[in-house]
Amino acid sequence: MRLRFAPSPTGPLHMGGVRTALYNYLLAKKNGGDFILRIEDTDQGRWVEGAEEHIYASLEWCGIIPDEGPRNGGTCAPYRQSERKEKYREHAMRLINEGNAYYAFDTPEELETMRKRLEQEKSSSRQYDANTRMQMRNSLTLPNAEVNSLINAGTPYVIRIQLPGEGRLYMKDLIRGDVEVDVATLDDKVLFKSDGMPTYHLANVVDDYLMGITHVIRGEEWLPSAPLHYFLYKYLGWEDKRPAFAHLPLILKPDGKGKLSKRDCDKLGVPVFAVGWKDPQTGEFSAGYKEQGYLPSAFVNMLAMLGWNPGTEQEIFQLPELIQSFSLDRVGKSGARFDMDKVKWFQEQHFRSQSIQILATEVRQTSEEWAAISEDKLHAVIELMRERVASVDQLINESRFFLLAPDAYDEETVRKKWKPETEQILKGFASVLQNLPDFSPQPLEEAFKAFMEEGGYPFGTGMIGLRLTVTGKGGGPSLFHTMALLGREEVVERINRGTEFIKATLTLPLPDRPNYNRTNE
Ligand code: GLU
């Protein structure tokens, strides 16, 4: 099996494109086949600076690595269509010589006149096809000598396919099943443009053939082009080598109404790109899943499930498992709704299932402060925090109190939970801590309970006061584990400092209290 992803570098690669690449990759790898990357850059007018690099960067981040492509070469090189021009011309000439294509010299104005005339005549056909081509200026209507002299004089021309204009075409789609087309509805599409470049249709078919492509998985926006491609395979005598086609349904907006766009994603606050994209014209940077702290494995898992299901309850997949499980018969026929909560859920699951070792490496790579912390302490912090966060950035932000004493105390919690007796409880417990022989989680917890029971204090008041002064927050990971990690001296100092700070600010009139959330009063 040989499958390919054939993007045009006309802009950044959206996640829909990445999904197409992924499905091609998965099917190829599942069957021990090859995955080829081909850059379809024949439309020079729509070429966008940086788009090709964005394709490479996106695939690389996702781990969708081509076996052959512009960067790593291969037996069918080159893999960039602009470097293969001669091959397309050769096949266009063959189509002309065998009566399956023709030169057309019509100017844009003449084409416009034709369209208007057909409109006025209320003709059933408004396009360049079997009904209209004999009224136009092309090598079917002009004498040979004139055609030659026009070409020799450098008159601009295109090459059009010559379709039969009637009959029915039966196509097979691996996702949609049988598709039947009325050939009379098809037009004589341009195969070769006046700028000397082939159109997508010709280049795509010629390359799929020359590169030995066996299966084409692509977006459903290409389904209307498939009949033309069938005719090209037929006219070029390659029907027995025609790849099997599978047209993927769209990725839909969360409400299911229409195709998911960049604007929808912006509104939802989720990226539309795998990796960030800087618009070469405006300089505006749009972060991708990568920049927003998502794991590539979570993104790939989410994309795979957008339109495919494994037929089991399993939802969490790493790439190798996706390769094992993937099959086209489990790709849905209708569009797949994008679900933002699910995206976050996949991220949480993948984030939490990483080994502590891997997470520690990522934390060290991301933060200099953490890079300087001992391995044991970092591992212990990760162990405590990883169930509470969903990205390395979040882990680092929310673990600050392990490195630094709080410089603010959660206002809401102070206001609601700091009681007149809290100060007394904390001061008393701080002195218990000074003399505690073993400063590890369990003895800490036991000492706290004993102290509270002895004093007859309400347990919750003591706990929340302790947490506030030690971490500055109203919630967090196991407090006694946190204290054990911080160590006796630090904990006692934090309790004393926090108690003084909160006591001092609580007696201030409301507007003068620091960090006071005024809007709530
Ligand atoms: N170059 C086309 C695109 O940009 C390829 C479509 C196909 O896979 O045939 O999507």
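Here are some conditions: (1) within 14 Å of the ligand (Cβ to nearest atom); (2) at pLDDT below 95. G196 meets all but one. Which one does it not meet? (1) is the only condition that G196 fails. Checked against (1) surrounded by 17 or more Cβ atoms within 10 Å (Cβ to Cβ); (2) at pLDDT 95 or above, L403 passes all but a single condition, namely (1).
In the range 44-73, the qualifying residues are those that are over 20 Å from the mean Cα position of the chain (by Cα) and in a helix (DSSP H, G or I), and the one that is nearest to the ligand (Cβ to nearest atom) is R46.
Just so you know, in the range 1-25 the residues that are touching a residue at least 60 places away in the same chain (Cβ under 8 Å) and either more than 25 Å from R337 (Cα to Cα) or more than 16 Å from the chain's Cα centre (by Cα) (or both) include one that is farthest from the ligand (Cβ to nearest atom), and it is M1. Go through the residues of the range 304-311 one by one and say whether even a single one is surrounded by 14 or more Cβ atoms within 10 Å (Cβ to Cβ), of a type in the set (G, A, S) and under 14 Å from F346 (Cβ atoms). Scanning the range 304-311 turns up at least one residue that is surrounded by 14 or more Cβ atoms within 10 Å (Cβ to Cβ), of a type in the set (G, A, S) and under 14 Å from F346 (Cβ atoms). Against the conditions (1) charged (D, E, K, R); (2) more than 42 Å from the chain's Cα centre (by Cα); (3) within 22 Å of L485 (Cβ to Cβ), K416 satisfies every one except (3).
Considering only residues in the range 265-285 that are closer than 13 Å to M15 by Cα and not hydrophobic (A, V, I, L, M, F, W, C), the one that is modelled with the lowest pLDDT turns out to be P271.
Going by the structure shown, is A447 out of contact with any Cys (no Cβ under 7 Å at 6 or more places or on another chain), in a helix (DSSP H, G or I), modelled with pLDDT of 95 or more and not acidic (D, E)?
Considered against the rule, which asks whether it is out of contact with any Cys (no Cβ under 7 Å at 6 or more places or on another chain), in a helix (DSSP H, G or I), modelled with pLDDT of 95 or more and not acidic (D, E), A447 comes out as yes.
Restricting to the range 206-225, count the residues that are more than 9 Å from the ligand (Cβ to nearest atom), within 29 Å of the chain's Cα centre (by Cα) and in a helix (DSSP H, G or I). Here the count works out to 4.
Look at G167 and say whether it is of a type in the set (G, A, S), more than 13 Å from the ligand (Cβ to nearest atom) and under 17 Å from S125 (Cβ atoms). Yes: the conditions hold for G167. Scanning the range 26-43 for residues that are touching a helix residue (DSSP H, G or I) at 6+ places or on another chain (Cβ under 8 Å) and either near the ligand (Cβ under 9 Å from one of its atoms) or not aliphatic (A, V, I, L, M) (or both) yields a count of 11.
Residues checked against (1) in contact (Cβ under 8 Å) with a residue 12 or more places away in the chain; (2) more than 16 Å from the ligand (Cβ to nearest atom); (3) assigned to a strand (DSSP E or B); (4) over 31 Å from the mean Cα position of the chain (by Cα):
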{"site": "A184", "(1), (2), (3), (4)": "yes, yes, no, yes"}
{"site": "A203", "(1), (2), (3), (4)": "yes, no, no, no"}
{"site": "D240", "(1), (2), (3), (4)": "no, yes, no, yes"}
{"site": "A246", "(1), (2), (3), (4)": "yes, no, yes, no"}
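Within the range 27-41, can you find the residues that are in a loop (DSSP other than H, G, I, E, B) and out of contact with any Ser or Thr (no Cβ under 7 Å at 6 or more places or on another chain)? Of everything in the range 27-41, those that are in a loop (DSSP other than H, G, I, E, B) and out of contact with any Ser or Thr (no Cβ under 7 Å at 6 or more places or on another chain) turn out to be N31, G32, G33, R38.
Exactly one residue out of L169, L140, L232 is surrounded by 15 or more Cβ atoms within 10 Å (Cβ to Cβ) and under 30 Å from G74 (Cα atoms): that is L232.
With the structure loaded, tell me whether I213 is in contact with a helix residue (DSSP H, G or I) (Cβ under 7 Å, 6 or more places away or on another chain), closer than 23 Å to E60 by Cβ and touching a residue at least 24 places away in the same chain (Cβ under 8 Å) or whether it fails that test.
Working: in contact with a helix residue (DSSP H, G or I) (Cβ under 7 Å, 6 or more places away or on another chain): no; closer than 23 Å to E60 by Cβ: yes; touching a residue at least 24 places away in the same chain (Cβ under 8 Å): yes.
Spelling it out, it is not the case that I213 is in contact with a helix residue (DSSP H, G or I) (Cβ under 7 Å, 6 or more places away or on another chain), closer than 23 Å to E60 by Cβ and touching a residue at least 24 places away in the same chain (Cβ under 8 Å).
Against the condition in a strand (DSSP E or B), in contact with a strand residue (DSSP E or B) (Cβ under 9 Å, 6 or more places away or on another chain) and touching a residue at least 40 places away in the same chain (Cβ under 8 Å), how does Y102 come out, does it pass? Yes.
Select from the range 319-361 the residues that are over 30 Å from L250 (Cβ atoms) and under 21 Å from the mean Cα position of the chain (by Cα) and list them in ascending order.
Initial filter on the range 319-361 (over 30 Å from L250 (Cβ atoms)): 352-361.
Of everything in the range 319-361, those that are over 30 Å from L250 (Cβ atoms) and under 21 Å from the mean Cα position of the chain (by Cα) turn out to be R352, S353, Q354.
Residue-level check: of (1) touching a residue at least 60 places away in the same chain (Cβ under 8 Å); (2) not in a helix (DSSP H, G or I), E423 misses just (2).
The values are calculated or read from the model by the stated rules, or taken from the named source; none is laboratory data. Owing to the predicted nature of the structure, the values given are computational and were not obtained by experimental measurement. Heads up, the Cβs are rebuilt from the backbone with ideal geometry, glycines too, and the neighbour counts pull from every protein chain shown.
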